[in-house]
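Written below as structure tokens is the structure these notes are about.
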Amino acid sequence: MRIITLLSICLITLTSNAQKPSTTAKTSQKPKLVVGIVVDQMRWDYVNKFKPFFKSKNGFLHFVNEGASCDNTLIPYVPTVTACGHTCVYTGSVPALHGIAGNMWYDNVKQRQVYCVEDASVQTVGSTNNAAGQMSPVNVWTSTIGDELKLATNFKSKVIGVSLKDRGAIIPAGHAADAAYWYDTKSGNFISSTYYAPSLPSWLTKYNSEHHVDSLYKKGWNLSLANSVYENNCDGDENVYEATPFGKEAKHFPYDLSAFIGKDYSKVASTPHGNNLVIDIAKQALINEKLGADSITDLLAVSFSSPDYIGHSFGPNSWETLDGYVKLDEILADFFSFLDKQVGKDNYTVFLTADHAVANIPAFAKKHNLPGDNYDDGAIKNDIVACLNANNLNPKLVSFVGEYNIYFNHPLMDSLHISNESLTSIVTNYLEKKSQVLQVVESRKAAIAPLPQFARERIINGYNSQRGGDLVLVAKSGVVDGFPTGTSHGVLYNYDAHIPFLLVGNGIKHGAINTPTYMTDIAPTISTLLGIQMPSGSIGKPVLEVLK
Ligand SMILES: [Zn+2]
């Protein structure tokens with residue numbers, strides 16, 4: 001009897017909660033849904049540059065015409081790479097505090113390389129490829145927007161992350177997330193890990209069984225606009241300094257992708273079709289998991305990885321990049337009308353940013369008499385080994401070089417009685433003679449490095465005492481780490497560090513802000529909009545000018 005009474009009370013409560021939204025929807029002060037969009041590798045100037053070519057006024061231009069844009073948003077740390085960027089956007093924090101020191105780092109305690117979202121204690125869900133799913137956010141040390149939203153609502157808010165890249169889905173969703181879904185290039189499935197749930201939801205299993213990638217491959221990659229638009233506004237379609245992700249012979253438009261059907265599910269990532277897959281999953285998650293359906297704010301974190309793959313291969317001035325953004329603009333316009341229909345026009349807020357931007361292809365820069373060169377981590381490691389050999393020192397004294405961080409082998413240094421000071425001076429003197437190197441900075445002494453304050457600050461913010469290198473190589477402007485064809489990102493210069501920060505919807509004013517803002521300001525701004533605590537390690541300030 002008692003149980004029955006309790007049950008009926010519960011049912012009444014549930015029913016009254018379920019009915020609440022329809023009666024409060026119009027008067028709700030807070031958004032029912034926040035959508036965070038990260039466009040991987042998007043430069044801040046792309047919206048202006050590509051504006052004349054967008055087919056819709058309601059895609060990227062929806063932010064410009066109705067929302068707010070913070071046009072001088074910079075990344076205040078190095079390395080400017082995917083994992084650090086997604087972590088900073090959603091934590092408001094920097095590698096020094098949040099722990100994500102790179103996409104990959106060398107753990108000085110474990111004495112091995114660590115991938116940012118690796119977690120051997122969990123298993124893949126949704127594919128037999130176990131390597132792809134042993135992932136979780138355990139390496140992130142501070143809380144995220146989603147975590148704080150959960151805490152503020154007694155965990156009633158729903159938080160879901162979606163991306164092609166594991167780190168692009170997992171980190172934005174945060175520790176307390178309901179789910180994160182990412183793409184397995186072996187099976188062509190969207191997968192997850194047992195960190196979130198023991199199995200995929202049925203809607204996702206169904207989606208995976210429909211072989212969407214094969215139908216996208218069948219379409220190929222054709223240009224959205226007339227050839228003359230690309231000819232007049234981009235570098236040539238075919239250049240020896242571009243990479244060839246679709247095979248050595250596939251050097252220009254149109255790209256026939258039919259050879260990959262049923263065979264190679266990785267190639268879709270380097271086409272605009274990758275964005276269609278991500279938005280499909282985002283929409284399905286929103287409908288099936290009922291995001292934005294009641295007055296308790298939910299968070300959907302979407303990260304488009306394909307612009308990064310396309311940008312690495314073809315560079316920011318390519319036909320591929322312009323076409324990719326024209327197509328992404330159409331996806332955004334369609335997504336906004338979907339949100340209007342599903343959640344209601346005034347019931348949601350969207351912010352859009354990037355995890356980092358990108359350098360010009362060095363050979364393209366050189367062609368135009370601009371500074372540009374390559375110096376990758378492998379070459380740095382080889383140079384250091386040569387230097388140590390020349391000094392009759394054990395070449396194993398440097399254990400790892402990654403993302404311009406140089407890690408010393410401290411156990412070996414101790415056993416050989418080699419001091420930090422002497423190894424630092426030998427390696428630094430050698431590397432600073434290289435034409436690509438501006439300066440080598442001792443991480444723990446970055447505060448007194450003879451560099452402008454903004455550069456010192458970015459190095460200090462990016463240095464994590466347990467996961468960072470002993471030395472940080474500061475390359476000259478235009479020098480790219482890796483990618484003998486194509487280009488990359490990762491350094492402190494503005495071409496990598498200047499990102500878009502756009503907002504639109506519930507609680508957002510209309511207008512452009514030109515005062516300097518930082519990537520670390522994004523999380524406190526969203527926290528202020530929602531009236532929740534800002535994430536634990538957040539060092540930014542809310543951009544009050546954009547909030548109503
Ligand atoms: Zn990248």
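The set of residues in the range 187-200 being surrounded by fewer than 17 Cβ atoms within 10 Å (Cβ to Cβ) and farther than 11 Å from G133 by Cβ consists of A197, P198, S199.
Of all residues in the range 393-424 being free of Cβ contacts under 8 Å to residues at least 60 places away in the same chain and among the aliphatic types (A, V, I, L, M), which is nearest to V440 (Cα to Cα)? Spell out how you get there, then give the answer.
Pass one, the range 393-424, residues free of Cβ contacts under 8 Å to residues at least 60 places away in the same chain: 393-398, 409, 412-424.
Going one step further and asking which of them are among the aliphatic types (A, V, I, L, M), we end up with 393, 397-398, 412-413, 416, 418, 423.
Numbers: L393: 20, L397: 17, V398: 15, L412: 22, M413: 20, L416: 24, I418: 19, L423: 13 Å.
Ranking the candidates gives L423 first.
Only residues that are touching a Gly at 6+ places or on another chain (Cβ under 6 Å) and closer than 17 Å to V350 by Cα were counted across the range 280-317, and they come to 4. One residue stands out in the range 445-470 among those that are over 27 Å from the mean Cα position of the chain (by Cα) and assigned to a helix (DSSP H, G or I): the one that is nearest to L74 (Cα to Cα), namely A447.
Would you say P137 is closer than 19 Å to I460 by Cα, assigned by TED's automatic domain parsing to the domain that holds N48, out of contact with any Leu (no Cβ under 7 Å at 6 or more places or on another chain) and at pLDDT 95 or above? Even if it seems obvious, please write down each step before you answer.
Working: closer than 19 Å to I460 by Cα: no; assigned by TED's automatic domain parsing to the domain that holds N48: yes; out of contact with any Leu (no Cβ under 7 Å at 6 or more places or on another chain): yes; at pLDDT 95 or above: yes.
So P137 fails the test.
Report whether or not Y181 is in contact with a Ser or Thr (Cβ under 7 Å, 6 or more places away or on another chain), closer than 27 Å to T353 by Cβ and in a loop (DSSP other than H, G, I, E, B). If you could, list the steps in order and put the result at the bottom.
Values: in contact with a Ser or Thr (Cβ under 7 Å, 6 or more places away or on another chain): yes; closer than 27 Å to T353 by Cβ: yes; in a loop (DSSP other than H, G, I, E, B): no.
When the stated conditions are applied, Y181 does not pass them.
Is the range 285-299 home to any residue that is outside any helix (DSSP H, G or I), among the hydrophobic types (A, V, I, L, M, F, W, C) and within 16 Å of the ligand (Cβ to nearest atom)? No. Just one of the listed residues (V78, V94) is of a type in the set (A, V, I, L, M) and within 15 Å of the ligand (Cβ to nearest atom), and it is V78. Looking for something assigned to a helix (DSSP H, G or I), surrounded by fewer than 23 Cβ atoms within 10 Å (Cβ to Cβ) and not small (G, A, S) - is there at least one such residue anywhere in the range 486-502? Yes, that holds for at least one residue.
Within the range 262-276, residues that are on the phi > 0 side of the Ramachandran plot and modelled with pLDDT of 95 or more have Cβ atoms under 9 Å from residues that are in a helix (DSSP H, G or I) and of a type in the set (F, W, Y) in these pairs: G262/Y217, counting only partners at least 6 apart in sequence or on another chain.
Being away from the ligand (no atom under 16 Å from the Cβ), assigned to a helix (DSSP H, G or I) and not assigned by TED's automatic domain parsing to the domain that holds A226 is not true of D323. For the range 355-374, the condition holds for at least one residue, the condition being that it is part of a helix (DSSP H, G or I), crowded, with 24+ Cβ neighbours inside 10 Å and not polar (S, T, N, Q). Among the residues of the range 29-73, the ones that are farther than 30 Å from K156 by Cα and assigned to a loop (DSSP other than H, G, I, E, B) come to 13 in all.
All conditions but one from (1) in the same structural domain as D71 (by TED's automatic domain parsing); (2) surrounded by 18 or more Cβ atoms within 10 Å (Cβ to Cβ) apply to V398; the one that does not is (1).
For the criterion of being in contact with a Pro (Cβ under 6 Å, 6 or more places away or on another chain), within 24 Å of A243 (Cβ to Cβ) and either within 16 Å of the ligand (Cβ to nearest atom) or of a type in the set (S, T, N, Q) (or both), S270 passes.
Within the range 108-118, being part of a loop (DSSP other than H, G, I, E, B) and either farther than 14 Å from A83 by Cβ or out of contact with any helix residue (DSSP H, G or I) (no Cβ under 9 Å at 6 or more places or on another chain) (or both) holds for N108, V109, K110, Q111.
The values are calculated or read from the model by the stated rules, or taken from the named source; none is laboratory data. From a predicted model like this one, the values you see are computed outputs, not experimental measurements. In this analysis, Cβ positions are derived from the backbone assuming ideal geometry, glycine residues included, and neighbour counts consider all displayed protein chains.
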